[in-house]
Amino acid sequence: MPIEPLHRLQALLKAEADSLAIRETAGRPIALGWATVELDRAASELGAALGIPAECFLGTAESLALGARCRVAHHALPGGVSLVLLEPATEGRLAAALARVGEGPAAIWLAVPDLPAAIDALRLARVDTAAGRAGPFGVERLVLDGPVHGPHRLLVQLTGTI
């Protein structure tokens, strides 16, 4: 199978490398989210395309900010970046992304060393964030600087070594 999904994920990383969210927060990409309408199929098909066994995608907390059920393959992508499969759980942002652009890269999680400082830096740049909500990597803050259909940026502060 072609490596087209990997190219699409890498394109999201490249596009986000110069984004305001990364510049203003010094966030480090720790995960990319792939929107799908069916988690099991995506784990099998996308996993096969990327060389990730389907059983590596583990169930985790939902992303309330995106309205999505999640399965995570930790450190599955180049650079140790995790891959998150996202399936709509509500009529939220993920459902909007699927309706507008179909299956594919839809989100990026950025680990920041100091979440309150990152939020302050974004405010100074006139970029808002949503209230903190539960997600697959703990409390996440959605950066509100793009369209409702994404791609979405989520800030997280990881405990311990990031």
Which numbered condition trips up residue 15, out of (1) open to solvent by less than 70 Å² (accessible area, probe 1.4 Å); (2) touching a residue at least 40 places away in the same chain (Cβ under 8 Å); (3) part of a strand (DSSP E or B)?
(3)
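Restricting the search to region 109-137, which residues are more than 17 Å from residue 26 (Cα to Cα), surrounded by 13 or more Cβ atoms within 10 Å (Cβ to Cβ) and either over 15 Å from the mean Cα position of the chain (by Cα) or among the small types (Gly, Ala, Ser) (or both)?
Filtering region 109-137 for residues more than 17 Å from residue 26 (Cα to Cα) gives 130-137.
This time we only want the ones that are surrounded by 13 or more Cβ atoms within 10 Å (Cβ to Cβ), so: 130, 132-137.
Those that are more than 17 Å from residue 26 (Cα to Cα), surrounded by 13 or more Cβ atoms within 10 Å (Cβ to Cβ) and either over 15 Å from the mean Cα position of the chain (by Cα) or among the small types (Gly, Ala, Ser) (or both): 130, 132, 134, 135.
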Filtering region 34-55 down to residues that are open to solvent by 60 Å² or more (accessible area, probe 1.4 Å), without any contact (Cβ under 8 Å) to a residue 24 or more places away in the chain and among the small types (Gly, Ala, Ser) yields 44, 51
What's the number of the only condition in (1) outside any helix (DSSP H, G or I); (2) modelled with pLDDT of 95 or more that residue 40 fails to meet?
(1)
Of 45, 87, 91, which residue is charged (D, E, K, R) and part of a helix (DSSP H, G or I)?
45
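Applying the selection to region 120-140, what residues are in contact (Cβ under 8 Å) with a residue 60 or more places away in the chain and outside any strand (DSSP E or B)?
Taking region 120-140 and keeping what is in contact (Cβ under 8 Å) with a residue 60 or more places away in the chain, we get 121-122, 124-125, 127, 130, 133-137, 140.
Of everything in region 120-140, those that are in contact (Cβ under 8 Å) with a residue 60 or more places away in the chain and outside any strand (DSSP E or B) turn out to be 121, 122, 124, 125, 127, 130, 137.
Of the residues 143, 101, only one is in contact (Cβ under 8 Å) with a residue 24 or more places away in the chain, open to solvent by 60 Å² or more (accessible area, probe 1.4 Å) and of a type in the set (A, V, I, L, M); which?
Numbers: 143 fails: open to solvent by 60 Å² or more (accessible area, probe 1.4 Å).
Of the residues listed, the single one that is in contact (Cβ under 8 Å) with a residue 24 or more places away in the chain, open to solvent by 60 Å² or more (accessible area, probe 1.4 Å) and of a type in the set (A, V, I, L, M) is 101.
The values are calculated or read from the model by the stated rules, or taken from the named source; none is laboratory data. Every value quoted in this text rests on a predicted model; they were computed, and no experiment measured them. So basically every Cβ, Gly included, is an ideal-geometry build from the backbone, and we count neighbours across all protein chains shown. The accessibility values were calculated without ligands, DNA or RNA, using every heavy atom of the protein model including side chains. Shrake-Rupley method; radii C 1.70, N 1.55, O 1.52, S 1.80 Å.
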